[in-house]
Each structure stands twice: as structure tokens, then as C-alpha cells.
Amino acid sequence: MRPMLEDPTPKRLRWRAHHRGTKEADRMIGGFFDAHHQQWNAQEMALFEALLEEQDVDIMAWCIGTQKVPERFEGEMMIAMQRLDYLPIDR
């Protein structure tokens, strides 16, 4: 009998978070996922998955505060994304 694989959801979400289409979005959204996903429960995973359905320009605008965050994404996860303290800075 083959051992059960670990939950594929984090792997799938990680791939989607890191393959957005631009380096900036990959780093912002993927970096956030890497920094926080291990603490998320199933509801938070589902919220992040819903967030990934949004356009990158919108997600990034919500994070940097140039657009109002839609009510469905308001809360602790978006507050954490807006801190931007999870982004490494190349020097």
C-alpha cells in the first residue's frame, strides 16, 4: 500500500502564488504565501485561493493601498499582506 501523499492544496496554491505572470506579483503574492501559509486553517486557505482568482494589479493595489480592499477580502490576511514585511529586498 502506497503512503498517502501530503495535502496537495498547499503545493497547488504555492505554485499558483509564484506563477502569476510578472516577477513583482510572483514575489509579492508568492512571498506572502511562503511566509504565512503554515499557520493557515482550511478557511484561510480557501480565502487565499479565492484571492488568487483576482487580477494581480488589483491584489497589488490592495496591498499597497492604492485601491480599496473589497469587503470579501478585508480582515487579518489582507492586513498581513499590507505590511509587506515578507518581501526580501535584493541588495
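State whether one or more residues within segment 43-53 are among the acidic types (Asp, Glu) and under 22 Å from ILE89 (Cα atoms).
Kept after step one, since they are among the acidic types (Asp, Glu), are these residues of segment 43-53: 44, 49, 53.
Of the ones still in play, those that are also under 22 Å from ILE89 (Cα atoms) are none.
No: zero hits.
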Of all residues making up segment 26-85, the number that are more than 18 Å from ARG16 (Cα to Cα), loosely packed, with under 12 Cβ neighbours inside 10 Å and among the acidic types (Asp, Glu): 3
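Output yes when any residue across segment 41-60 is hydrophobic (A, V, I, L, M, F, W, C), over 13 Å from the mean Cα position of the chain (by Cα) and modelled with pLDDT of 95 or more, and no when none is.
yes
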Can you name the helices (runs of 4 or more DSSP H) wholly within segment 28-74 that have at least 2 residues being of a type in the set (A, V, I, L, M) and in contact with a helix residue (DSSP H, G or I) (Cβ under 8 Å, 6 or more places away or on another chain)? 42-51, 56-64
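The values are calculated or read from the model by the stated rules, or taken from the named source; none is laboratory data. Please read all numbers here as calculations on a predicted model, not as lab measurements. No Cβ is skipped: glycine too gets one built from the backbone with ideal geometry, and neighbour counts run over all protein chains shown.
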